[in-house]
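The structure under discussion appears below in the form of C-alpha cells.
The values are calculated or read from the model by the stated rules, or taken from the named source; none is laboratory data. The shown structure was predicted, so the numbers you read here are calculated from the model rather than taken from an experiment. Glycine also receives a Cβ, built like all others from the backbone with ideal geometry; neighbour counts cover every protein chain displayed. Just the protein is used for accessible areas: all its heavy atoms, side chains included, with ligands, DNA and RNA removed. Shrake-Rupley method; radii C 1.70, N 1.55, O 1.52, S 1.80 Å.
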Amino acid sequence: MADNENEKSESKVSESPFAAPIVTKEGYLEDALEQTKFGCYNYIIIIAAGVAMCDIYLETANIAFVLPVSQCELHWTTQQKAILGSICYFGFIASSHFWGFLADTTGRKRVTVVGLLGGFACTIVSSFANSFAVLLTFRLFNGIFIAGTSASIYAYLGEFHTIRTRDKALMIASIIYGIGCILLPIFAWIIINQDFSWYIPVIDVHYKSWRLFMVVCGLPGFIIGLVFLALPESPKYLLSVGKEKETLDVLQTMYHGNTKKEKNSFPITQILKDSDTEEAPKSFYDKSEGLMSIPVAIWNQTVPLFGKKYIRVTLICCIVQFMVYTTSNGMYVWFPEIVNEVRQFLNENPDTHMSICTIYDMPGNETVVHQCKESLDISTYKYTLILRCFALGAFTLLWFIINKVPKKVLMCCILCICGSSGILTTLLKEPMVAIYFFIISVSTNINLKVVSAAIVDYYPTKLRAMAFSIITNIVGHLGAVVASNYIGALLEHHCGLAFYTTGGIAILTGFSALLLPKSSRGNVKSEA
C-alpha cells in the first residue's frame, strides 16, 4: 500500500545522466503546483488579485473624502454622515454569507467578476445621487457587490500557490494593494479641489468634483473585472468539485506561462485529491430538490466552521477581525475630517500646544461636522498619503518576515503598537506629532492581511471562502459599522474617549490573538 502511494505521488525525473527519464504521470495537486514553478503566470494572478483588493478599499474608503466636501450640496447631519460612512459595511454583512456559499460552490472567479463589475455599476449610479436616500441605497448595493469580491479573492489567490509560496503571494498582493491604496489620496488631491460644476436638469444634480472622484475610485474594479474574465478558475476549486481535466488544463497553462515549455510536456497527467480538496460541497442547488435546497446547503457549509475541529480558530479570528475593523475602518472614516479641522486651526494658531482632541472639542468647533466646505486643506491629502505609504512599508516588511514569525505573534505586535499610538494621539500636546501617531493608530488594517493569510492556512478549500465571508465580511465589517457610528457620536462631545476606547480595544485584541493554535499550514487535524 505504501509503495503504491509512493508511486502515485512521485513526480520527479531521474537525475542520473545515464538513465532514461522516468516520469510518473500521477501526482497530488501540491506536487503539481510545484511542477508549474513560480513565475510570470503567478505574478499575473497576484497583480490581478492585488488590484481587486485595492478596489475593495477604494470603493469603501472614498466616502471619507466625499462626506466633508458634499456637505454644502446635500446638507448632511452627523447621524447621516455616520450612516453613509458605514452603509457599505451593512452590504457586506447582509450578503457575505451567501457570497461565501456561492464562492465555495459555484467558483471563486465567477463571484469575483460579478462583485467587481456590479460594484462599479453601483458606483456610477451613486455619483448621480441627489438625496440622502438615493446615495444610501446605492452605497448599500455597492457594499453587497464588493462583498462578493472580498469573499472570494483571497481564496482564489491562495489556491494557485503551494504551501511554500502561498504567504509570499499573499504578501506581494498586499504590497500591490498598498501601492493601489496610495491612489485614494492622490485621486482626492487631484480631483476634489477642482472647481467645476455641470448641471444635469433631468435629475436636478450639479455634477461636481466629488462625484467624479467616486467614479474614478471605481475604475480599477471595472478594468480588473474585465481582466478576470480572461483568467482561469482556481485549480484547487476545480479539483474539489471533481473537474480533474479542467484542473490539469489550468496547471498546464501555468506551467507553459512560467517555464515557456510546451503544455504537453507537463510531467503530471492525472491529479489526485488530497485532504484539502476532497469532500467538496454540493453545487449551487440540487435540481431534484429545487431552490429550497439552497438554505440547507448554506447551513451545511457553515456548521463545520463552528464544529470541534475549527471552533477555536473561528472564534478567535472573529474577535480579532471585529476589533481590527473597529479600530481601523471605524476611525478612518473620520480621519480626513479630524486632520482637516486640526490643520485649519493650526494655520491660524501656529504656536498651539494642546492635544488634537482639545482643538477638536473647542467652543466653536462643536458643530464642525455641519460646516460647509467644498474643498479640503491640502495637508489633509498629504497626511492620508503618508498613512498609505506607512501601510505600504508595513506590507513590504511583512513580505520578508511572514514565513519567519508566527502569524499570531505578528497580529499581537501590530495591534499593540497601533493601539498604544491611538492612546498617545490624544495625550500628546504637540498636534503635529499627534497626527503622526494618529496615522499609526488607524493602520491596524495592516493586520487584515495577516489574518487573511492565517485563514488560508487554517481552513481547507471546501470551507475557505465561507470562512472569509463570516470572519472578515460579516463579523469584521460589523465592527466597522458599530465603530463608525459610536465614534461619530463620541467625536461630537468626547473626542478623547473615542481614541482611548479604540486604542485599548486594539491592545486587548492583540493579546487575544496569541490564543490561536499553531498554524498547521492548511491541514488542521481531523477529529478523532
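Compute the whole-percent fraction of alpha carbon pairs in region 208-261 spaced more than 16 Å apart. Don't skip to the answer; put the middle values down first.
Numbers: 870 of 1431 pairs.
Of all Cα-Cα pairs in region 208-261, 61 percent lie more than 16 Å apart.
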Given the candidates L183, G257, T269, the one whose Cα lies deepest towards the positive end of the charge dipole of region 120-273, counting +1 at each Lys or Arg C-beta and -1 at each Asp or Glu C-beta, is T269
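How do the peptides 47-53, 90-96 rank, highest first, by the average count of neighbouring beta carbon atoms within 10 Å per residue? Intermediate results must be reported in sequence, preceding the final value.
Numbers: 47-53: 24.7, 90-96: 22.7.
Result, highest mean Cβ count within 10 Å first: 47-53, 90-96.
Assign one of three labels to region 120-216, namely rounded, prolate or oblate, based on the Cα gyration tensor with a ≥ b ≥ c the square roots of its eigenvalues; rounded applies when a/c is under 1.5, prolate when it is not and a/b is larger than b/c, and oblate otherwise.
On the way: a/c = 4.79, a/b = 2.00, b/c = 2.40.
Note, shape of region 120-216 comes out oblate.
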For 225-236, 476-487, ranked highest to lowest by mean beta-carbon neighbours within 10 Å, the order is 476-487, 225-236
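Sort M214, M362 by accessible area with a 1.4 Å probe, largest first.
Working: M214 0, M362 55 Å².
Ranked from most to least accessible, the order is M362, M214.
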Two pseudo-spin positions, 7 Å from Cα along C-beta at C413 and at R164, lie apart in nanometres by 2.5
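Contour minus end-to-end for I311 and E244, with contour as 0.36 nm per residue of separation and end-to-end as the Cα-Cα distance?
Working: separation 67, 0.36 × 67 = 24.12 nm, distance 3.13 nm.
Extra length from I311 to E244 when fully extended: 21.0 nm.
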Which values, in whole Å and largest first, are the semi-axes of the equivalent ellipsoid of region 462-507 obtained as the square root of 5 times each eigenvalue of the Cα gyration tensor?
29, 11, 4
Pop out the ³J(HN,Hα) list for region 175-181 in order, Karplus 6.51 cos²θ - 1.76 cosθ + 1.60 with θ = phi - 60°, rounded to Hz; leave Gly and Pro as x.
5, 4, 4, x, 5, x, 5
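Can you bin region 96-140 into rounded, prolate or oblate? Criterion: square roots of the alpha carbon gyration tensor eigenvalues sorted a ≥ b ≥ c, rounded for a/c under 1.5, prolate for a/b above b/c, oblate for the rest. Don't skip to the answer; put the middle values down first.
On the way: a/c = 6.90, a/b = 2.36, b/c = 2.92.
Verdict is oblate for region 96-140.
Can you tell me how much longer the chain between H493 and T137 gets when fully stretched, taken as 0.36 nm per residue apart minus their C-alpha distance, in nm with one decimal? Walk me through the numbers before you get to the answer.
On the way: separation 356, 0.36 × 356 = 128.16 nm, distance 2.94 nm.
Here the segment from H493 to T137 would lengthen by 125.2 nm.
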What are the residues whose amide H is under 5 Å from the amide H of V205, where those residues sit 5 or more places off or on another chain and H is modelled from the backbone?
I200
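If the limit is 25 Å between Cα atoms, which of K37/K263; K109/K273; K81/K208; K429/K449 go over it? Show your work: numbers first, answer last.
On the way: K37/K263 13 Å; K109/K273 21 Å; K81/K208 19 Å; K429/K449 33 Å.
Pairs exceeding 25 Å: K429/K449.
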Got a sec to turn the phi values of region 388-403 into Karplus ³J(HN,Hα) couplings, 6.51 cos²θ - 1.76 cosθ + 1.60 with θ = phi - 60°, whole Hz, x for Gly and Pro?
5, 5, 4, 5, 4, x, 5, 4, 5, 4, 4, 4, 7, 10, 4, 8
Amide H to amide H, which residues 5 or more places from Y28 or on other chains are under 5 Å from it, using H placed in the peptide plane?
L272
Let me have the 222 nm mean residue ellipticity of the chain computed from DSSP H runs of 4+ only, each contributing -39500 (n - 2.57), with the sum over all residues rounded to the nearest 500.
-22000 deg cm²/dmol
For the pair K263 and V227, the simple spin-label estimate (label points 7 Å beyond Cα toward Cβ) gives in nm 2.2
What accessible surface, in Å², does a 1.4 Å probe find on W334, ignoring ligands, DNA and RNA and rounding to the nearest 10?
10
Whole-Hz Karplus ³J(HN,Hα) for region 89-104, in order, using 6.51 cos²θ - 1.76 cosθ + 1.60 and θ = phi - 60°, x for Gly and Pro?
6, 4, x, 4, 5, 5, 10, 5, 4, 5, 4, x, 4, 5, 5, 7
By the C-alpha gyration tensor axes a ≥ b ≥ c (rounded if a/c is under 1.5, else prolate when a/b exceeds b/c, else oblate), the shape of region 43-96 is oblate
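Which value, to two decimals, describes the C-alpha radius of gyration of the chain once divided by 2.2 N^0.38 Å? Working shown, then result.
Values: Rg = 24.4 Å, N = 528, 2.2 N^0.38 = 23.8 Å.
Compared with the compact-globule rule of thumb, the chain sits at 1.02.
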Charged-residue dipole, Cβ positions (Lys, Arg, Asp, Glu), region 82-171 about Cα centre, Debye nearest 20
220
